[in-house]
Amino acid sequence: MMDIVLTGFMGSGKTTIGPLLAQELRLPFFDLDVQIVQLTGCSIVELFEDGENYFRQKEQEVLQKVIKQPGVLALGGGTPTRPSNRELLRHSGAQIILLEAQIQTIWQRLQQTQVQRPLVQTKDQLVALKKQRQKNYQQVANLCVQTDNYTPQQVVKQIAEQVLILRGSENYRN
Ligand SMILES: Nc1ncnc2c1ncn2[C@@H]1O[C@H](COP(=O)(O)OP(=O)(O)OP(=O)(O)O)[C@@H](O)[C@H]1O
Ligand SMILES: O=C(O)C1=C[C@@H](O)[C@@H](O)[C@H](O)C1
Ligand SMILES: [Mg+2]
């Protein structure tokens, strides 16, 4: 069973924070987008060429498989938009952590990366999509971490502390 799931909008830092957090907690790391590419043999952009619905179908199938593994999982930015994914996540038993960042921060971060994100080409699209999805993130998350003014290492430290508190006295380092 997955221990920790990172959710949040594109550029909130799931892929960046995930492996660092997994290392800190000594757990395996999975990135849903990477798993989708590996299991389908197609890139994210190629899958979107057959329509967002087709991509979401593949995403759901891969999520159903990977959620059964122990570890830390970075979701895709749109994974919680599907009600069936929200249901699966809520019943997974994982701590679901929402990484938050302001529009300006996200926009700057997206400019920095080479990764293509088919659903966001302009800042207006970013604003509209984030607004539309905000409720979905909140519906699945049980902890929210603001990342704007923190380095990835600082975000990891905050999450690791919170996870240990949420898990009571259980200590991952033992
Ligand atoms: N806390 C942070 N401080 C500074 N830069 C960050 C931080 N978190 C992420 N970044 C940068 O933002 C960019 C996007 O981050 P990342 O790919 O981890 O986002 P993501 O949430 O996985 O997005 P997606 O949903 O599209 O997969 C990267 O260039 C990364 O280095
Ligand atoms: O927010 C989204 O809808 C997406 C985010 C990425 O992680 C990828 O899953 C894909 O580009 C779609
Ligand atoms: Mg990512």
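The values are calculated or read from the model by the stated rules, or taken from the named source; none is laboratory data. Keep in mind the model is a prediction, meaning the values are calculated, not measured. When we count neighbours, we look across all protein chains shown, and the Cβ atoms used for this are built from the backbone with ideal geometry, even at glycine. For accessibility, only protein heavy atoms count, side chains too; no ligands or nucleic acids. Shrake-Rupley method; radii C 1.70, N 1.55, O 1.52, S 1.80 Å.
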Exercise. Amide H neighbours of ASP31 under 5 Å, at least 5 residues apart or on other chains, H built in the peptide plane: list them.
Key: ALA74
Self-check item: Using θ = phi - 60° and Karplus 6.51 cos²θ - 1.76 cosθ + 1.60, couplings along the range 30-36 (whole Hz; Gly, Pro as x)
Solution: 10, 10, 4, 4, 5, 4, 4
Practice problem: For the chain, please report how many Lys pairs fall under 29 Å Cα to Cα, leaving out neighbours fewer than 8 apart on the same chain. | Solution: 24
Quiz item: What's the angle, to the nearest 10 degrees (0 to 90), between helix 123-140's Cα axis and the longest principal axis of the chain?
Solution: 40
Quiz item: Roughly how big is the range 1-64's charge dipole about its Cα centre, with Cβ charges of +1 (Lys, Arg) and -1 (Asp, Glu), in debye to the nearest 20?
Solution: 240
Self-check item: Nearest-ten-degree value, helix 52-66 long axis tilted from longest Cα axis of the chain
Solution: 20
Exercise. Name the long-range amide H neighbours of CYS144: under 5 Å, sequence gap of 5 or more, or other chain; modelled H, no Pro or chain starts.
Key: LEU98
Quiz item: Which of the peptides 87-95, 8-16, 27-35, 72-80 is most tightly packed, and how do the rest follow, judged by the mean count of other Cβ atoms within 10 Å per residue?
Solution: 72-80, 8-16, 27-35, 87-95
Self-check item: Net +/- balance of residues flanking THR16 in space, Cβ distance below 15 Å, scoring K and R +1, D and E -1
Solution: -1
Exercise. Can you work out the accessible area per residue across the range 4-166, with the rest of the protein chains kept in place, probe 1.4 Å, in square angstrom?
Key: 51
Self-check item: Rule-of-thumb Rg ratio for the range 4-166 [Cα; 2.2 N^0.38 Å; N residues]
Solution: 0.97
Quiz item: Round to a whole number: what % of the accessible area of the chain belongs to carbon and sulfur, probe 1.4 Å?
Solution: 49
Quiz item: Between the helical axis of 14-25 and the dominant principal axis of the chain, each derived from Cα atoms, what acute angle in degrees is found, rounded to the nearest 10?
Solution: 20
Quiz item: When the Karplus curve 6.51 cos²θ - 1.76 cosθ + 1.60 is applied with θ = phi - 60°, which whole-Hz ³J(HN,Hα) does each residue of the range 79-87 get, with x for Gly and Pro?
Solution: 3, x, 6, 7, x, 5, 5, 4, 4
Self-check item: For GLN102, distant residues with modelled amide H under 5 Å away
Solution: ASP148
